[in-house]
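All remarks here apply to the structure that follows.
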Amino acid sequence: MRKRAVAVLMTGIMTLGLAATCLTGCGSGGDGVEKVRLMVWSPTADQSKDNGEWLQTCCEAFADEHPEWDIDFVYGIMDEASASSQVGQDPDASADVFLYSNDGIAWLTDSKAAAKFGGKYREEIEETNSPEILKSLMLGDDLYGVPYTTNTWYMFYDKSVFSEEDVKNLDTMLEKGVVSFPFTNSWYLPAFYVGNGCTLFGDGTDEAAGVDFSGEKAVEVTDYLIDLESNPNFRIDQDGSGIAGMRDGSINAMFTGSWDANAIKEILGDNMGVTSLPSFTLNGEEVQMKAYAGSKAVGVNSHSKYMEQAVALAVYLGSADCQRLHYELQNVIPCNTELLADPQISADELVIAQNDTFNYTSILQPFVTQMNNCWTPVENLGKGIRNGSVTHDNAQEQTEAMNDAMNSDGIS
């Protein structure tokens, strides 16, 4: 049975809705094979010919395994960060199956737009993933996705400048070379505060607990960051300046994730080092930086007309075979426990760095609704330090203002 694929280039949900009305609906063919139409969303890279068309390849392989279904695949472009809000806003005009970042779970569950995984499918997911990554996709006892990679950041460095011992401590590195950090990016900057005992919503799931970026533990970090920003060997990474500096040799280390690994490898070659987060020295004590960490997963729209097929496809896209192909084509680091036991994969420095960060030098990024109020205050503090409006003289006042804004119902 021939399986047809229909490509949809999305310019918005309205375009998607119009496209949906023009495609074949459900029904059965004369030979008793069920006709199915599945719309699948993923980022551009997953569908690009230059990257090996990961999504199309996996979907066609899935169709070949299910001759009982005559599947029309409809491919739409949607990045993982936006998918959950789009599905949550209008599930009837959205994809049946979509790739999304786990911090969007609240969008999906508040609108009851995400299907829960149960039965044999949940058993399969649980058997091939760690409890830590499963926790990133659960609310209460309900599981809302099939994880296919961990999502966090760590450090890349030039081995000709820094030794393996040097990269254990940020301040040691700054004595030997130039380090770049996304200082005004609120996904990165909290790593210093969390490392020194600041907390967000208890274990990350208790919205009533609020945020504690207050008191001496937080002010100490703000004072440290003021000094860090003024260090002659420190650079603020923004708008691609970190990669550009690595390329021209003016920067020797930067913080990012697997998405930049190929570009950095091209620049540094055999001198590319990658490791989990370093510590920093605060008042003479070693403090471990801790990144936000989460996962990326395959979700299913609870409004899908083809629920059986959509759930089966989602589980397949998160399978070991599809994760292996994702890794080979795009450096997407697998999380499937069977793959992580593969000697070739487990020896990859990138895999080691990402998993060490996820397991040891990170916290689970909160996905409670109140977390939406935490991004801008941290960004503003970073910008204030950069432009000189946050100083040692007003560090306590500015830090408390950040904490108050993070605990507010929203800021202007």
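Kindly indicate whether residue 69 is of a type outside the set (S, T, N, Q), over 29 Å from residue 259 (Cβ atoms) and at pLDDT 95 or above.
Yes, satisfied.
Among the residues of the range 157-178, which ones are hydrophobic (A, V, I, L, M, F, W, C), open to solvent by less than 40 Å² (accessible area, probe 1.4 Å) and either at pLDDT below 95 or farther than 13 Å from residue 277 by Cα (or both)?
Those that are hydrophobic (A, V, I, L, M, F, W, C), open to solvent by less than 40 Å² (accessible area, probe 1.4 Å) and either at pLDDT below 95 or farther than 13 Å from residue 277 by Cα (or both): 162, 174, 178.
Here's the yes/no breakdown for (1) crowded, with 22+ Cβ neighbours inside 10 Å; (2) within 26 Å of residue 321 (Cβ to Cβ):
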| site | (1), (2) |
| --- | --- |
| 99 | yes, yes |
| 119 | no, yes |
| 123 | no, yes |
| 128 | no, yes |
| 132 | no, yes |
| 137 | yes, yes |
| 140 | no, no |
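Specify which of the listed residues (117, 162, 183) is aromatic (Phe, Trp, Tyr), closer than 16 Å to residue 295 by Cβ and assigned to a loop (DSSP other than H, G, I, E, B). Working first, answer last.
Numbers: 162 fails: closer than 16 Å to residue 295 by Cβ; 183 fails: closer than 16 Å to residue 295 by Cβ.
None of the others qualify; the one that does is 117.
Which number in (1) touching a residue at least 40 places away in the same chain (Cβ under 8 Å); (2) assigned to a helix (DSSP H, G or I) marks the one condition that residue 363 misses?
The number of the failed condition is (2).
Looking at residue 388 and the list (1) on the phi > 0 side of the Ramachandran plot; (2) open to solvent by 70 Å² or more (accessible area, probe 1.4 Å); (3) not aliphatic (A, V, I, L, M), which single condition is not satisfied?
(2)
Looking at residue 129 and the list (1) in a helix (DSSP H, G or I); (2) within 21 Å of residue 336 (Cα to Cα), which single condition is not satisfied?
Single failed check for residue 129: (1).
Among the residues of the range 316-349, count how many are of a type in the set (A, V, I, L, M), open to solvent by less than 10 Å² (accessible area, probe 1.4 Å) and not in a loop (DSSP other than H, G, I, E, B).
Within the range 316-349, residues that are of a type in the set (A, V, I, L, M), open to solvent by less than 10 Å² (accessible area, probe 1.4 Å) and not in a loop (DSSP other than H, G, I, E, B) number 3.
Taking residue 239 as meeting all but one of (1) open to solvent by 50 Å² or more (accessible area, probe 1.4 Å); (2) in contact (Cβ under 8 Å) with a residue 24 or more places away in the chain; (3) assigned to a loop (DSSP other than H, G, I, E, B), write down the number of the exception.
(2)
For the range 151-192, which residues satisfy the criterion of being under 18 Å from residue 378 (Cβ atoms) and acidic (Asp, Glu)?
Residues satisfying the conditions do not exist here.
Of the conditions (1) open to solvent by less than 50 Å² (accessible area, probe 1.4 Å); (2) without any contact (Cβ under 8 Å) to a residue 60 or more places away in the chain; (3) under 22 Å from residue 207 (Cβ atoms), residue 187 satisfies every one except a single condition; which number is it?
Every condition holds for residue 187 apart from (2).
For the range 275-314, which fully contained strands (runs of 3 or more DSSP E) count at least 3 residues that are over 16 Å from the mean Cα position of the chain (by Cα) and surrounded by 22 or more Cβ atoms within 10 Å (Cβ to Cβ)?
By residue number, no strands (runs of 3 or more DSSP E) qualify.
The values are calculated or read from the model by the stated rules, or taken from the named source; none is laboratory data. These figures come from a predicted structure and were not determined experimentally. Positions of Cβ are generated from backbone atoms using ideal geometry, with glycine treated the same way; all protein chains shown enter the neighbour counts. In case anyone asks, the SASA skips ligands and DNA or RNA and just uses the protein heavy atoms, side chains included. Shrake-Rupley method; radii C 1.70, N 1.55, O 1.52, S 1.80 Å.
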